[in-house]
Amino acid sequence: MTAFDIANWNKENRIGTTVRYWKDDLVGPGLISKIRSHATVIGNIPVVYLDGVVQAIPLTNILVSRELPRRKIVVPKREFLSL
C-alpha cells in the first residue's frame, strides 16, 4: 500500500467510522469498534488505532461499516395484563 493509498483510505474512512476488526486471524465474526486515528505505516504495515483497542490493527484486518451486512432490528411488542 502506497502513501497515496493510505491518504485515500483516510479520506474515505474518517475518525469515528464504525468498523468490524480481527486482532489476529480473520476467523469468526470479529469485533466492532470505531476508528480513533488516521491510518499510518508501522514496519511496512498500514495500520489504524481503534477505540478500546491498545494495539494497532492492520488495515487488512478491518471491514468498514458500510461493508457490514445490515440487520433489521425487531423490537418485540409488550403485552400488558389488565387487572
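The numbers here are math on the coordinates, done by the rules we state, and not lab data. Just so it is clear, the structure is predicted and the values come from calculations on it, not from any experiment. A quick note on method: Cβ atoms are made from the backbone with ideal geometry, for glycine too, and the neighbour counts reach across all protein chains shown.
Couplings for the range 49-64, taken from phi via the Karplus curve 6.51 cos²θ - 1.76 cosθ + 1.60 with θ = phi - 60°, read 9, 10, 4, x, 10, 6, 7, 6, 10, x, 4, 5, 9, 10, 10, 6 Hz in order; Gly and Pro are left as x. Between D5 and R36, the simple spin-label model (points 7 angstrom out along Cα→Cβ) gives 2.7 nm.
Derived scalar couplings between HN and Hα for the range 17-30 equal 5, 6, 9, 9, 9, 10, 6, 10, 6, 7, 10, x, x, x Hz in order, rounded to whole Hz, by the Karplus curve 6.51 cos²θ - 1.76 cosθ + 1.60 (θ = phi - 60°), x for Gly and Pro. For the range 3-67, the alpha-carbon radius of gyration amounts to 1.01 times the rule-of-thumb value 2.2 N^0.38 Å expected for a compact globular protein. Taking 7 Å steps out from each Cα toward its Cβ at I45 and E12 produces label points 2.2 nm apart.
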